[in-house]
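The values are calculated or read from the model by the stated rules, or taken from the named source; none is laboratory data. No experiment lies behind these values; they were computed from the predicted model shown. Cβ placement follows ideal geometry from the backbone for every residue including glycine, while neighbour counts extend to all protein chains displayed.
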Amino acid sequence: MTVPYSPGLEGVVAAQTEISEVDGQNGRLIYRGGYLIQELAERSYEEVAYLLLHGEPADAVQLADFKGKLAAACALNAASSAALSGLPLDADPMDALRTMISAQGAAPDCPKPDLQAAIAATAVTPTAVAAFYRHQRGQEPVAPRPELGHAANFLYMLDGREPDADRVRYLQTYLVLLADHGLNASTFTARVVASTGTDLWSAVVAAIGALKGPAHGGAAAAAMNMIERVGGPESAERFVIDALDRKERLMGFGHRVYRTYDPRARILRDLCKEANRHFYDVASRVEEVALRELVARHPERPNATNVDYYSAGILAAAGFPTEFFACVFAASRMAGWTAHVLEYMTKDGRIIRPASEWTGPDPSKRAAVTA
């Protein structure tokens, strides 16, 4: 059977998964076990990571054990520390993360992906991000504190001070909401690489490379840069109209799958009003004008607010500079990436090898090449 070519694999079913479902028509994100994202938004990242990796919620004993395993695996090893010391200070933080995670997983053999590796990759990613953050500032890395929770430890390793509860809550909500999201570009990349039979670390390094792309992991930073250009709420109307008149894209609006308001954006919007009031005042006014104008100018396509829009305000409130937004995204998505790798290798494992459609000349019609 000939399958028609679909640019960007639009509408092509390339996986069967129990990990998450993006119901774009109804504006729902469902995590493993049938949980709507709204039901999980106030849970800890450890609880959600356990759910994604195991397929069921943890009881108290299981959660304590899982937290212990994360804490035991969150330190940089000698190879990753050496890689950190050799990184230029002006390196892109995502390049630094990719390099350090690759070094962390370097091994003399090629072990099959397993739960232990999934936990280790999820645990150490915030440590790598925080270590490079400090490296850029001429500071020594701060060793993780195993007794702190995943989100609190992340923030602690940035500045060496135990963070206040609000900052932890802002970051934790973000980490939970971004932990998985169907078959997006980076998750698909992780599955493709894992399907070759390689190790889990190679798969997530490739996923980090995919997430670095501005069309994927760079959207929150782009949204922040846009909001900073607006000025104040009183400038929002003119800014949006002028930008659209110039055919510029408004960052944080529209989604490849969602036909309606991203449910994660709704949660972050409410939180942003508390966490980052200046950002919220400008962003909410821009959003109001943008949604009105986008509907008027492009009624044929949905352009509702997506998760990246208010993510920018939340990540800034948690204490991250704009250039590190994608790294925090990677730290969140690591649980999802690794869960997908394990699921694919358990359920299918066949190497992913799609077909291509030849658009070159027919050999029979090509003019003969004379010597």
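Brief remarks on what is shown
- Where helices (runs of 4 or more DSSP H) fall entirely within the stretch 272-348, those with at least 2 residues that are among the basic types (Lys, Arg) and surrounded by fewer than 24 Cβ atoms within 10 Å (Cβ to Cβ) are at 277-297.
- Qualifying residues in the stretch 147-167 (those that are assigned to a loop (DSSP other than H, G, I, E, B) and free of Cβ contacts under 8 Å to residues at least 40 places away in the same chain) - the one surrounded by the most Cβ atoms within 10 Å (Cβ to Cβ): 148
- Residue that is nearest to residue 178 (Cα to Cα) [pool: residues in the stretch 238-256 that are surrounded by fewer than 16 Cβ atoms within 10 Å (Cβ to Cβ) and not basic (Lys, Arg)]: 248
- Test result for residue 259, more than 21 Å from residue 166 (Cβ to Cβ) and either among the basic types (Lys, Arg) or assigned to a loop (DSSP other than H, G, I, E, B) (or both): yes
- Residues in the stretch 185-217 that are surrounded by fewer than 20 Cβ atoms within 10 Å (Cβ to Cβ), not β-branched (Val, Ile, Thr) and not in a helix (DSSP H, G or I) were compared, and the one that is farthest from the chain's Cα centre (by Cα) is 197.
- Residue in the stretch 290-307 that is modelled with pLDDT under 95, within 20 Å of residue 218 (Cβ to Cβ) and of a type in the set (Val, Ile, Thr) present: yes
- Residue identified as closer than 30 Å to residue 296 by Cβ and either of a type in the set (Phe, Trp, Tyr) or touching a helix residue (DSSP H, G or I) at 6+ places or on another chain (Cβ under 6 Å) (or both) among 236, 203, 210, 185: 236
- Residue in the stretch 70-79 that is free of Cβ contacts under 8 Å to residues at least 24 places away in the same chain, touching a helix residue (DSSP H, G or I) at 6+ places or on another chain (Cβ under 9 Å) and buried (at least 16 other Cβ atoms within 10 Å of the Cβ) present: no
- All of (1) modelled with pLDDT of 95 or more; (2) of a type in the set (Lys, Arg); (3) closer than 30 Å to residue 349 by Cβ hold for residue 112 with one exception: (1).
- Tally of residues being out of contact with any Asp or Glu (no Cβ under 9 Å at 6 or more places or on another chain) and either surrounded by fewer than 18 Cβ atoms within 10 Å (Cβ to Cβ) or over 21 Å from residue 325 (Cα atoms) (or both) across the stretch 81-101: 10
- Residue 63 meets the conditions (1) assigned to a helix (DSSP H, G or I); (2) closer than 12 Å to residue 128 by Cα in every case but one. The failed one is (2).
- Of all residues assigned to the stretch 281-303, none qualifies as being under 28 Å from residue 40 (Cα atoms), under 17 Å from the mean Cα position of the chain (by Cα) and touching a residue at least 40 places away in the same chain (Cβ under 8 Å).
- Filtered residues of the stretch 104-118 (kept if more than 13 Å from residue 204 (Cβ to Cβ) and assigned to a helix (DSSP H, G or I)): 115, 116
- Within the stretch 34-49, considering residues that are free of Cβ contacts under 8 Å to residues at least 60 places away in the same chain and surrounded by 14 or more Cβ atoms within 10 Å (Cβ to Cβ), the one farthest from residue 121 (Cα to Cα): 35
- Checked against (1) in contact with a strand residue (DSSP E or B) (Cβ under 9 Å, 6 or more places away or on another chain); (2) at negative phi, residue 182 meets all criteria but (2).
- Annotation: of all residues in the stretch 131-146 being among the hydrophobic types (A, V, I, L, M, F, W, C) and either in a helix (DSSP H, G or I) or touching a Ser or Thr at 6+ places or on another chain (Cβ under 7 Å) (or both), the one that is nearest to residue 159 (Cα to Cα) is 131.
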